[in-house]
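I have placed the structure first, in the form of structure tokens, so that the comments after it can refer back to it.
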């Protein structure tokens, strides 16, 4: 019985890891898209997870809510902060620190 619980635990960890990699890819693409849309540069071409918790999606089902942070620049000479929230694989929110429009 202990072996079965250990296998189930390993499968759960592998699922969480694979799901997190897919969500991170989605977050990177959403960050790139937002920066492209507003004429900004996504710095370091990456996002970092800041928070992971359970939340309800639009249909009321429990899903993982992930908050990612990233840095962007409007001129290339500075760094500004941005964040985005995914619930499941759905992009729910993007926040950009105020910046000067060129």
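From 25, 97, grab the single residue that is touching a strand residue (DSSP E or B) at 6+ places or on another chain (Cβ under 6 Å) and surrounded by 11 or more Cβ atoms within 10 Å (Cβ to Cβ).
Numbers: 25 fails: touching a strand residue (DSSP E or B) at 6+ places or on another chain (Cβ under 6 Å).
Of the residues listed, the single one that is touching a strand residue (DSSP E or B) at 6+ places or on another chain (Cβ under 6 Å) and surrounded by 11 or more Cβ atoms within 10 Å (Cβ to Cβ) is 97.
Of all residues in the stretch 66-81, those being buried (at least 16 other Cβ atoms within 10 Å of the Cβ), out of contact with any helix residue (DSSP H, G or I) (no Cβ under 9 Å at 6 or more places or on another chain) and in contact (Cβ under 8 Å) with a residue 24 or more places away in the chain number 1.
Name the single residue that is farthest from residue 34 (Cα to Cα) among those in the stretch 49-102 being outside any strand (DSSP E or B) and under 11 Å from the mean Cα position of the chain (by Cα). Even if it seems obvious, please write down each step before you answer.
As a first pass, look at the stretch 49-102 and keep what is outside any strand (DSSP E or B): 57-61, 74-79, 88-89, 97-102.
Those still in the list that are under 11 Å from the mean Cα position of the chain (by Cα) too: 88-89.
Working: 88: 19, 89: 17 Å.
The residue in question is 88.
Out of all the residues in the stretch 5-23, is one or more outside any loop (DSSP other than H, G, I, E, B), modelled with pLDDT under 95 and either touching a helix residue (DSSP H, G or I) at 6+ places or on another chain (Cβ under 9 Å) or within 30 Å of residue 102 (Cβ to Cβ) (or both)? Taking every residue of the stretch 5-23 in turn, none turns out to be outside any loop (DSSP other than H, G, I, E, B), modelled with pLDDT under 95 and either touching a helix residue (DSSP H, G or I) at 6+ places or on another chain (Cβ under 9 Å) or within 30 Å of residue 102 (Cβ to Cβ) (or both). Of 52, 84, 43, all but one fail to be in contact with a helix residue (DSSP H, G or I) (Cβ under 7 Å, 6 or more places away or on another chain) and without any contact (Cβ under 8 Å) to a residue 60 or more places away in the chain; the exception is 84.
The values are calculated or read from the model by the stated rules, or taken from the named source; none is laboratory data. Model, not experiment: these values are computed from the prediction. Don't worry about glycine lacking a Cβ; one is built from the backbone with ideal geometry, like all the others, and counts go over all protein chains shown.
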